[in-house]
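Single-structure report; data block below.
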Amino acid sequence: MKMTLPHSAEDLVKLTLELLRRNEYRTDTYVRPLLFKSSEVIGVRLAGIAESFLIYTAPMGNYVEVDAGIRCMVSSWRRVSDQSLPARGKITGAYANSALAKAEAEENGFDEAIVLTTDGHVSEGSAENLFMYKDGVFVTPPVTDDILEGVTRRLLIGLLADELGKKVVERSIDRTELYTCDELFLCGTGAQVSPVIEVDRRAVGDGTVGELTGELQGIYFGAVRGDNPKYSNWSIPVY
């Protein structure tokens, strides 16, 4: 069932800027546009249901620890399959899957979860994409492993090649590769670039933030916060 945005991309940018100005934000802020079914009816269907659109914002600090690194566990919950729900879509209902994985990780003393596909390959974090560095190459799961096709993921693939000169391979990752890789990080709108220093109580590398991950993190923050003129097209002044 196709849903149609009621505004152009240019109008969405203008609306977002106006919303930020009205709230007088001068800090990192999360912006969530949401297209949703809004008819006040009872029934499980999509056809013939009215649609509405909103944008909400909230000031936001670090979603997870981005400086010292985070400790992760491989969740017992599996990533929702594309055969059950469009995994590549940012669907609000799918976040129940994310919440179960995240809650399990926190209840077991970890910062974040890493979720596998139903066939046992690494998919992503509870709400972040994943990159692994091993044998001189960065590896990230392909879209066919039920990942959300993140905007941050796409940008970082470019930065790794252009700024660090590192090849990025999209392929399936086995769970045990997480235990033997040199560096590991999660990424996303909220997570930004979050180094992983431990998986299932096993240290990643030497158990500290990886050198390349730290360098990538600095480049990314410089680009998204408008501090690097090379990436001026990544940002728009609010005020």
How would the chain be classified by its alpha-carbon gyration tensor: rounded, prolate or oblate, with rounded meaning a/c under 1.5 and the a/b versus b/c comparison settling the rest?
oblate
Taking every DSSP beta bridge that has both residues in the chain, what percent is antiparallel when rounded to the nearest 5?
75
Residues TYR220, TYR95 arranged by fewest to most Cβ contacts within 10 Å:
TYR95, TYR220
P(r) over all Cα-Cα pairs of region 39-84, 10 Å bins from 0 to the longest distance, whole percent per bin, short to long, reads 14, 20, 32, 26, 9
Student exercise: in the chain, how many lysine pairs 8 or more apart or on different chains have Cα atoms under 28 Å apart?
15
Ranking request for peptides 142-149, 171-178, 53-60: highest mean number of other beta-carbon atoms within 10 Å first, then the rest in descending order.
142-149, 171-178, 53-60
So which DSSP H runs in the chain come out at 27 Å plus along the axis (Cα) with average Kyte-Doolittle of at least -0.5?
none
Taking 0.36 nm per residue of separation and subtracting the Cα-Cα distance, what length does fully extending LYS14 through MET60 add?
14.5 nm
Taking the beta-carbon count within 10 Å as an exposure proxy, list HIS121, HIS7 from fewest neighbours to most.
HIS7, HIS121
If you average the C-alpha positions of region 82-99 and of region 1-76 separately, how far apart do those two centres end up, in angstrom?
15
Going through region 21-94, which GluC sites (Glu not before Pro) have at most 12 other Cβ atoms within 10 Å and a DSSP loop state?
GLU24, GLU40
So what's the gap between the Cα centers of region 188-227 and region 122-170, to the nearest angstrom?
12
Would you please name the trypsin sites (Lys or Arg not before Pro) within region 10-118 that are DSSP coil residues with at most 11 other C-beta atoms within 10 Å of their C-beta?
ARG26, ARG45
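Every read-out reported here was derived from the displayed coordinates using simple, explicitly stated rules and does not represent laboratory data. Keep in mind it's a predicted model, so treat the numbers as computed, not measured. Virtual Cβ from ideal backbone geometry, glycine too; neighbours counted across all protein chains shown.
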